[in-house]
Amino acid sequence: MPSEEKDIAVAQKQLNTILNHSSVPWKGKLSVLVVDSLYSQRGFLGEQVKSDNLVTICRIRSNRVFYYQFIPSEETSKSVGHPRWYGDKFDLKDDTTWTEPDEMIHSTFTTLKGRELNLKLSCWNQLLMRGTKNYKMHKHPFRLLQVVVSDDQGQTLWKPMWLIVIGSRRHELSLNECHQAYRQRYDLEHLFRFGKQKLLMRAYFTPEVHHEENWFQLTLLSYVKRVESEKISYCFTPSVGILFEDN
């Protein structure tokens with residue numbers, strides 16, 4: 001990535017190339033972009049919503065504040081001045097601001113070590129984030145998902161995870177599909193964590209870009225060798241993961 005460019009801008013260019021290239025088989029089909037919290041800012045999401053066939057699933061920090069859509073009454077609809085777009089707050093760290101979820105599902109899953117855990121997915125529809133002059137985010141409501149994992153005693157095991165699902169075709173994905181799509185990032189995160197801690201992925205510094213790329217590929221090969229030796233199945237994806245859903 002050039003030093004004079006921001007990571008978000010570079011990711012945006014890469015996505016435009018991937019999604020709009022004439023040779024790709026998914027052009028014009030439903031595509032799901034899976035990103036971490038770095039890409040939860042409106043400067044990135046405000047660009048993704050311009051694509052009719054793209055749904056973005058983004059993890060968000062648990063201290064974010066969103067808003068319900070404002071529903072005008074007969075009295076407020078007659079008022080003059082700037083129209084009101086945002087309703088009451090939805091503060092992720094204050095559950096007194098939450099309404100009852102619009103959707104909720106419960107299921108169980110078994111870990112690789114054979115432990116059975118409970119999964120609860122709660123969803124609120126039509127929430128908004130604050131926009132700017134360049135990004136009119138009040139025009140782009142999203143689904144907000146809370147993911148809670150608990151043991152057989154009902155004890156929550158980890159801090160709840162929050163996901164945004166945004167895009168004009170977001171309702172074509174079930175809650176389970178949204179969650180499973182984001183879970184595909186876990187293999188990627190494991191790769192980077194293990195690569196940095198054990199394989200010296202960030203240890204080679206050079207002004208020669210191709211030398212650095214060669215080193216990075218060498219660490220990937222080392223990781224593949226390690227995975228094969230332990231007979232573990234992992235999937236390698238780009239830094240911004242994309243799952244293509246063909247309807």
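The values are calculated or read from the model by the stated rules, or taken from the named source; none is laboratory data. Note that the structure is a prediction, hence the values are computed from the model and not measured. No Cβ is skipped: glycine too gets one built from the backbone with ideal geometry, and neighbour counts run over all protein chains shown.
Worth pointing out:
- Any chance residue 146 is at pLDDT 90 or above, surrounded by 10 or more Cβ atoms within 10 Å (Cβ to Cβ) and on the phi > 0 side of the Ramachandran plot: no
- If you check 154, 241 for being at pLDDT below 85 and assigned by TED's automatic domain parsing to the domain that holds residue 106, only one passes: 154.
- Scoring residue 131 on the criteria (1) part of a strand (DSSP E or B); (2) under 21 Å from the mean Cα position of the chain (by Cα) leaves a single failure, condition (1).
- For region 1-29, residues that are touching a helix residue (DSSP H, G or I) at 6+ places or on another chain (Cβ under 6 Å) and aliphatic (A, V, I, L, M) total 2.
- Residue within region 68-86 that is among the β-branched types (Val, Ile, Thr) and surrounded by 11 or more Cβ atoms within 10 Å (Cβ to Cβ) present: yes
- Reported count of residues in region 167-191, each being in a helix (DSSP H, G or I), buried (at least 16 other Cβ atoms within 10 Å of the Cβ) and of a type in the set (Lys, Arg), is 2.
- Taking (1) part of a loop (DSSP other than H, G, I, E, B); (2) modelled with pLDDT under 85 in turn, residue 223 satisfies each apart from (1).
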